[in-house]
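Engineer: One structure follows; several queries about it will come next.
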Amino acid sequence: MLRIATVSDLHTDFAENRELVVRLAAEIHTRGADVVVVNGDISHEDERIERALLAFGAVAPRVAYVPGNHDLWSRVPGLEERTDLNSWDRYRVRLRDIAVAAGAHYLPAEPLVLDGVGLAGSAGWYDYSFAEPWVTTEVGLAALRTKRHGAFQWSDAALVAFRQPDGARMD
């Protein structure tokens, strides 16, 4: 029987969460997982993503990775204006390269089948079209569409820029 361990939302930008990765890896090793599925939000920093994948790869024969929104963040000045910067490139190429270099399987590129069990994944992007009615009432549709609420802006709006082939930003 295939033993699957799964982790998500590690947010290793915080020191206490980096320590948690070490404890999780030790527990996964103790329990003997055949594969660790890392479900996004490791970090926006490439080195932290790689180190987390390597840590889980040290304790299990296989690691599969699907990025989350925080993994797609880019802290590049002028992201909004720089049409040469495209989050699709980070998603399709850079994060895949990081995963492969760390010995992990990049699930958005292709499914992974182990012992007749298929694993698949992609970074779904939530657009609030299925939001609970209270969310649209309390926050407002305009805020959800513009990703702004008063003086605040969703981090994804500032740090992610999916672009169309002509460089125009996708909404």
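The values are calculated or read from the model by the stated rules, or taken from the named source; none is laboratory data. No experiment lies behind these values; they were computed from the predicted model shown. Reconstructed Cβ throughout: ideal geometry from the backbone, glycine too, with neighbour counts over all protein chains shown. Ligands, DNA and RNA are excluded from the accessible area calculation, which covers all protein heavy atoms including side chains. Shrake-Rupley method; radii C 1.70, N 1.55, O 1.52, S 1.80 Å.
Engineer: So if I restrict to the alpha-carbon atoms in segment 72-171, what is the Rg, and what is Dmax, the biggest pairwise distance, in Å?
Structural biologist: Calculated on Cα positions, Rg and Dmax stand at 16.9, 51 Å.
Engineer: Given the options D127, D156, D71, which has the most mean-square fluctuation in a GNM of the chain, springs set between C-alpha atoms less than 10 angstrom apart?
Structural biologist: Among D127, D156, D71, the largest GNM mean-square fluctuation belongs to D127.
Engineer: Give me the dipole magnitude in Debye, nearest 20, for segment 1-136 about the Cα centre, with unit charges on the beta carbon: positive for Lys and Arg, negative for Asp and Glu.
Structural biologist: 420
Engineer: Out of the GluC sites (Glu not before Pro) in segment 1-85, which ones are loop residues according to DSSP with at most 16 other C-beta atoms within 10 Å?
Structural biologist: For GluC sites (Glu not before Pro) across segment 1-85 that sit outside H, G, I, E and B with at most 16 neighbouring Cβ atoms in 10 Å, the list reads E45, E80, E81.
Engineer: Extent of segment 17-74 along each principal axis, from alpha carbon coordinates, in Å, largest to smallest?
Structural biologist: 35, 21, 14
Engineer: How large is the accessible surface per residue of the chain, computed with a 1.4 Å probe and reported in Å² as a whole number?
Structural biologist: On a per-residue basis, the chain sits at 59 Å².
Engineer: Taking every alpha carbon pair in segment 84-124, what does the distance histogram look like in 10 angstrom bins from 0, in percent?
Structural biologist: P(r) for segment 84-124, in whole percents per bin: 28, 49, 19, 3, 0.
Engineer: Amide H neighbours of R163 under 5 Å, at least 5 residues apart or on other chains, H built in the peptide plane: list them.
Structural biologist: Hits under the 5 Å cutoff: S87, W88, M170.
Engineer: Still on this structure, I have one more. Please report, in debye to the nearest 20, how large the charge dipole of segment 70-154 is about its Cα centre when each Lys and Arg carries +1 at its beta carbon and each Asp and Glu carries -1 there.
Structural biologist: The calculated dipole for segment 70-154 is roughly 220 debye.
Engineer: Another question, then. Angle, helix 15-31 long axis vs. longest principal axis of the chain, Cα atoms, 0 to 90°, nearest 10?
Structural biologist: Tilt relative to the chain: about 40 degrees.
Engineer: Using alpha carbon coordinates only, what is the Rg to Rh ratio of the chain, with Rh defined as the Kirkwood radius?
Structural biologist: 1.01
Engineer: Using a 7 Å offset from the Cα along the Cα-to-Cβ direction at both A157 and L141, what is the distance between the two label points in nm, to one decimal?
Structural biologist: Here the answer is 1.7 nm between the modelled labels.
Engineer: Another one. Sequence gap at least 6, Cα distance under 8 Å: using those rules, report the relative contact order of segment 32-171 to the nearest whole percent.
Structural biologist: Reported as a whole number, the value is 26 percent.
Engineer: Oh, and also: Mind checking the angle between helix 46-57 and the chain's longest principal axis? C-alpha axes, 0 to 90 degrees, to the nearest 10.
Structural biologist: For 46-57 against the chain, the angle is about 30 degrees.
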